[in-house]
Amino acid sequence: SPGAITEHFTLNFTITNLMFTTDLQTPNSRKFRSAEKIMKHYLDPLFKRSSISSAYTGCKAMRFRSGRHRDDTRVDAVCSYKDNASLARFDREKLYQELSTMTNNVTKLGHYSLDRSSLYVDG
């Protein structure tokens, strides 16, 4: 829409049943691209059901890194939305609560299990 500015926020979480491997660190590797596509497949529908659904323009996994345990993979994503005066202000606490609810209290993202204390939204 006219006058809308694209804003970004970061989304971080840990998957407890995706074993981290070094090829997940390499952005052009087949494993990275596959994981990136899967994250988009799971994240887009969540945001399209959230309070920012009309402004949401996408999320991109930027980095996968080793978690605390051998089977953990931490996901760092950058998400974007169109900020427009006619839309409600971006409320990261509200979005956190919505994402928490939609991921079964931060335990499930599709067929992945999440570390309950790992979800972070930074706006």
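Of the conditions (1) more than 13 Å from the chain's Cα centre (by Cα); (2) modelled with pLDDT under 95, GLN97 fails just one. Which one is it?
(2)
Go through (1) open to solvent by less than 20 Å² (accessible area, probe 1.4 Å); (2) part of a helix (DSSP H, G or I) for LYS94 and report which single condition fails.
So the condition that LYS94 fails would be (1).
So which residues in segment 51-63 are among the β-branched types (Val, Ile, Thr) and assigned to a strand (DSSP E or B), if there are any at all? Even if it seems obvious, please write down each step before you answer.
Just the residues of segment 51-63 that are among the β-branched types (Val, Ile, Thr), to begin with: 52, 57.
Across segment 51-63, the qualifying residue is only THR57.
Report yes if MET102 is touching a helix residue (DSSP H, G or I) at 6+ places or on another chain (Cβ under 7 Å) and either under 21 Å from LEU18 (Cβ atoms) or open to solvent by less than 30 Å² (accessible area, probe 1.4 Å) (or both), otherwise no. Break it down stepwise before answering.
Numbers: touching a helix residue (DSSP H, G or I) at 6+ places or on another chain (Cβ under 7 Å): yes; either under 21 Å from LEU18 (Cβ atoms) or open to solvent by less than 30 Å² (accessible area, probe 1.4 Å) (or both): yes.
Yes.
Quick one: is LEU109 crowded, with 16+ Cβ neighbours inside 10 Å, under 12 Å from the mean Cα position of the chain (by Cα) and not basic (Lys, Arg)?
Working: crowded, with 16+ Cβ neighbours inside 10 Å: yes; under 12 Å from the mean Cα position of the chain (by Cα): yes; not basic (Lys, Arg): yes.
Considered against the rule, which asks whether it is crowded, with 16+ Cβ neighbours inside 10 Å, under 12 Å from the mean Cα position of the chain (by Cα) and not basic (Lys, Arg), LEU109 comes out as yes.
So which of LEU18, LEU43 is part of a loop (DSSP other than H, G, I, E, B), open to solvent by less than 60 Å² (accessible area, probe 1.4 Å), in contact with a strand residue (DSSP E or B) (Cβ under 7 Å, 6 or more places away or on another chain) and closer than 23 Å to ARG116 by Cα? Quick ask: steps written out before the conclusion?
Details: LEU43 fails: part of a loop (DSSP other than H, G, I, E, B).
Result: LEU18 is the single residue among LEU18, LEU43 that is part of a loop (DSSP other than H, G, I, E, B), open to solvent by less than 60 Å² (accessible area, probe 1.4 Å), in contact with a strand residue (DSSP E or B) (Cβ under 7 Å, 6 or more places away or on another chain) and closer than 23 Å to ARG116 by Cα.
Suppose the filter is among the aromatic types (Phe, Trp, Tyr) and surrounded by 15 or more Cβ atoms within 10 Å (Cβ to Cβ); does TYR120 pass it? Steps first, answer last, please.
Working: among the aromatic types (Phe, Trp, Tyr): yes; surrounded by 15 or more Cβ atoms within 10 Å (Cβ to Cβ): no.
No, not satisfied.
Within segment 71-89, is there a residue that is open to solvent by 80 Å² or more (accessible area, probe 1.4 Å) and closer than 19 Å to TYR120 by Cα?
yes
So how many residues does segment 64-87 have that are modelled with pLDDT under 85 and not in a loop (DSSP other than H, G, I, E, B)?
Summing the residues that are modelled with pLDDT under 85 and not in a loop (DSSP other than H, G, I, E, B) in segment 64-87 gives 1.
The values are calculated or read from the model by the stated rules, or taken from the named source; none is laboratory data. Computed from a prediction, not measured in an experiment: that's the story for all the values here. Neighbour counts are summed over all protein chains in view; Cβ atoms, including those assigned to glycine, are modelled from backbone coordinates with ideal geometry. Side chains are part of the model used for accessible areas, which takes the heavy atoms of the whole protein and leaves out ligands, DNA and RNA. Shrake-Rupley method; radii C 1.70, N 1.55, O 1.52, S 1.80 Å.
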